[in-house]
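The values are calculated or read from the model by the stated rules, or taken from the named source; none is laboratory data. Computed from a prediction, not measured in an experiment: that's the story for all the values here. Backbone-built Cβ (ideal geometry, glycine too); neighbour counts: all protein chains shown.
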Ligand code: AMP
Ligand code: MG
């Protein structure tokens, strides 16, 4: 039975009432989609196992893919984990609130469903002020994966959330477009040395300042082998996939434009996901993601672009690969998964 999904305004005059409504829904074991600086999250009370189970069923999320727990402060997080090693504490001070998640041995209060039976838990302090108000008003810790149907591109606007989950969740807080646009950087401190499990808004370059011996998990660049355990279960699933077929092209801008122009002689309907400057040479159909090598803009635009491809009836899209430095690595990682690892190097 579909339920009515409340659309909670966060305009100045409605904000307080909306936060109270959302907090009450969460305390009653319901689901609320929340804005964060990374992507919209689908939140439930992390300490209420029945509520957490609803997240998995609303999203169609595989049971073995653990969730990130969002909290308001380091003091609260200290209760969710066994201990916080010194390097993790330094990262917490430097990057929280912000797009950074750490995996640590879990304390007993974390239900097994949250961490999919693992003995570790992923935790983060989000930056978005609406979600911070909600954490404060509810006094809860919130398990929140991305608020999309599992496998589809993550939502960066509340409209994306409604497209996927209207009628399946209790409410959505209608916040702004997410500033970062890709999910948080995930580092596990449960291994020695610590390991980067997922690139995101906090870059390797930033992390190395506090974790000089950081290891980069191979799953970031390559397709995980079947039946081999992965450090971050989320890495093994098909992800971020529009219906359109995506192929990543590793090339400089001119070579990319020449390649797409050649392909369009055979099929003029081929889309390009490209930098703004390619508009002049390529023309429609295309989606521009910011200026050449501006991977921060590419990240902010990426998931919206993947959804737009489907809305515009795209069958095949060549996507230019960003540089892999900085946030570019997170964009590259998501593009690889959207393309089911199909890459052309020119
Ligand atoms: P999402 O919230 O949809 O962005 O997914 C959360 C990501 O964090 C997934 O890729 C998970 O595999 C990862 N994650 C969450 N908890 C853990 C954990 N305990 N150990 C390793 N990875 C985790
Ligand atoms: Mg997700």
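Scanning for something away from ligand 1 (no atom under 15 Å from the Cβ) and assigned to a helix (DSSP H, G or I), does segment 150-160 turn up at least one residue?
Taking segment 150-160 as the starting set, the residues that turn out to be away from ligand 1 (no atom under 15 Å from the Cβ) are 157-159.
Narrowing further to those that are assigned to a helix (DSSP H, G or I): 158-159.
Yes, segment 150-160 contains a residue that is away from ligand 1 (no atom under 15 Å from the Cβ) and assigned to a helix (DSSP H, G or I).
What about residue 105, is it assigned to a loop (DSSP other than H, G, I, E, B), more than 16 Å from ligand 2 (Cβ to nearest atom) and surrounded by fewer than 23 Cβ atoms within 10 Å (Cβ to Cβ)?
No; evaluated as a whole, the condition is false for this residue.
Out of 66, 111, I need the residue that is at pLDDT 95 or above and within 11 Å of ligand 1 (Cβ to nearest atom). Which one?
Values: 111 fails: within 11 Å of ligand 1 (Cβ to nearest atom).
From the options 66, 111, the qualifying one is 66.
Name every residue in segment 50-69 that is within 14 Å of ligand 2 (Cβ to nearest atom) and crowded, with 23+ Cβ neighbours inside 10 Å, in order of residue number.
The answer is 55, 59, 66, 67, 68.
Kindly indicate the residue of segment 140-171 that is away from ligand 2 (no atom under 16 Å from the Cβ) and touching a residue at least 60 places away in the same chain (Cβ under 8 Å) and also nearest to residue 89 (Cα to Cα) among those meeting that condition.
Looking at the filtered set, the residue picked out is 141.
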